[in-house]
1. Considering Cα pairs under 8 angstrom that are at least six residues apart, work out the relative contact order of the chain and quote it in whole percent.
2. Run the quick spin-label model on CYS58 and PHE43: label points 7 Å from Cα toward the beta carbon, then report their separation in nm to one decimal.
3. Which order results if SER44, SER49 are arranged by neighbouring Cβ count within 10 Å, fewest first?
4. Which order do peptides 13-25, 29-41 fall in by mean Cβ count within 10 Å, highest first?
5. Given springs between every Cα pair under 10 Å in a Gaussian network model of the chain, which of ARG42, ARG28, ARG51 has the largest fluctuation?
Amino acid sequence: MAETYNITGEPKSDALFIALEGCQKGDRVIYHVGPHCGGVHRFSALSASDRGMCLLFCKRVGEGMFAYLAVKKT
């Protein structure tokens, strides 16, 4: 079963890459929660997606609030 990791409170910009390296295929990493994609990990998420490491998704978690996730591909 896929695990979910939350790095929204992690201030280091490389935290998403570290989380993706340490998890299994299909695991989800929540890198931001808010009305729009933002936070210190948004550019890392784009870079990881461009490198083929993950797929990016958002999931509604409340009225006007979304969780932004990276799902590990390989």
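1. Working: 138 pairs, mean separation 25.0, N = 74.
It rounds to 34 percent for the chain.
2. So the two model labels end up 2.0 nm from each other.
3. Working: SER44 22, SER49 15.
Fewest-to-most ranking of SER44, SER49: SER49, SER44.
4. Working: 13-25: 15.9, 29-41: 18.0.
Ranked by mean Cβ neighbours within 10 Å, highest first: 29-41, 13-25.
5. The residue with the greatest mean-square fluctuation here is ARG51.
Where a number appears in this text, it was derived from the coordinates with a stated rule and is not lab data. Note that the structure is predicted; figures quoted are calculated from it, not measured. No Cβ is skipped: glycine too gets one built from the backbone with ideal geometry, and neighbour counts run over all protein chains shown.
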